[in-house]
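Peer 1: Shown below is the structure under consideration.
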Amino acid sequence: MGYAEISVCRRPKVAIFSTGNEVTAPGEPLPKAGIYDANRFTLMGLLTEQGAEVIDLGILPDDLSATKAALENAAQQSDLVITSGGVSVGQADFTREALEQLGRLAFWRVALRPGRPMVCGWLGERHTPFVGLPGNPVAVMVTFLQFVKPLLDRLDGQPLSPPNRLNAIADNALKSRYKRTDFIRGVYHTDEHGQLHVRSTGAQGSGILTSMVAANCLIELTDDQDGAQPGEVVSIQPLTGWL
């Protein structure tokens, strides 16, 4: 083509770890009140699809000193640090406190469901971007797509672009409430006339992984909508062919 020079960006290095005494690695005995770690593996898959280089730092206990040390180490060897869990208001949630001591808190909590307890800021002298995702698996995926993917585009040197949105007719009633954006897991299809329709996948708890596994889109009900009735047109974000 005759080009003497081209602009390139190296793949961003992203450090990830899960937090919580109750979080257990797959293959290990599950203690009483324990849960198996799904979030790290979800993040690995999402980040790999985005072309990022993943640095897996494992599972951290609920300990402020350990969290600070892990964040400091992660910030020095990566372009972005992502954690899951530990950003709510519980007595054992130390991620936000560690962030405030090591860097700067940009914002905490968003008017989003699922995904309200998330935190963003930067760490250390390098001002490494930091995103603390919620602990529930579906909330991790939803907030990744809405917040982390655009950040990765920026780190990749790509222009920021809004999520791909389509309009579809709701086949069932959808619950939401004012002043909060709801992302309902949905399944869209095309009828015999070529019109897009969408239905929810059923129960929408943020810990129900099957609600995301069964979905091929997110139904986006913005903060000025009080749900949607069958026959109404709603906005959807396709999951397939978009990541």
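Every number in this text was worked out from the coordinates using simple rules, so none of it is lab data. Quick caveat, the model's predicted, so the values are computed rather than measured. Because the Cβ atoms are built from the backbone with ideal geometry, glycine has one as well, and the counts that use them run over all protein chains shown.
Peer 1: Lysine pairs, Cα distance under 29 Å, 8 or more residues apart or cross-chain: how many in the chain? Before the final figure, lay out the partial values.
Peer 2: Details: LYS13/LYS68; LYS13/LYS149; LYS32/LYS68; LYS68/LYS149; LYS149/LYS175; LYS149/LYS179.
For the chain, the number of qualifying lysine pairs is 6.
Peer 1: How high is the FRET efficiency between ALA66 and GLN101 when r is their beta carbon distance and R₀ equals 22 Å, given to the nearest 0.05?
Peer 2: Plugging the Cβ-Cβ distance into 1/(1 + (r/R0)^6) gives 0.95.
Peer 1: Continuing with the same structure: For each of SER78, SER211, count neighbouring Cβ atoms within 10 Å of the residue's Cβ, then give the residues from fewest to most.
Peer 2: SER211, SER78
Peer 1: On average, how much area does the Cα convex hull of the stretch 81-128 cover when viewed from any direction, in nm²?
Peer 2: 3.4 nm²
Peer 1: With a Förster radius of 22 Å, plug the Cβ-Cβ distance of ILE6 and GLN158 into 1/(1 + (r/R0)^6) and report the FRET value to the nearest 0.05.
Peer 2: 0.90
Peer 1: Would you work out the Kirkwood radius for the stretch 142-243? I mean one over the mean of 1/r across all pairs of different Cα atoms, in Å. It would help to have the intermediate numbers written out before the result.
Peer 2: Values: mean 1/r = 0.0699 Å⁻¹.
14.3 Å is the Kirkwood radius here.
Peer 1: Next question, about the same structure. For P(r) over Cα pairs in 10 Å bins from 0, in percent, pick the label among (i) 7, 29, 32, 21, 8, 2, 0; (ii) 7, 30, 37, 21, 5, 1, 0; (iii) 8, 35, 41, 16, 1 that corresponds to the value derived from the coordinates.
Peer 2: (i)
Peer 1: In what sequence do ASP223, ASP171 fall when counting other Cβ within 10 Å, fewest first?
Peer 2: ASP223, ASP171
Peer 1: What share of the DSSP beta bridges in the chain is antiparallel, in percent to the nearest 5?
Peer 2: On the way: 29 of 50 bridges.
DSSP beta bridges in the chain are roughly 60 percent antiparallel.
Peer 1: Let me ask you something else. Rounded to the nearest 20 debye, what is the charge dipole size of the chain about its Cα centre when +1 sits on each Lys and Arg Cβ and -1 on each Asp and Glu Cβ?
Peer 2: So the dipole magnitude of the chain works out to roughly 260 debye.
Peer 1: When a footprinting reagent is the concern and you count Cβ atoms within 10 Å, what order do THR222, THR201, THR240 take, fewest first? Each step should come with its number before you reach the end.
Peer 2: Details: THR222 12, THR201 19, THR240 9.
Least crowded to most crowded, the residues run THR240, THR222, THR201.
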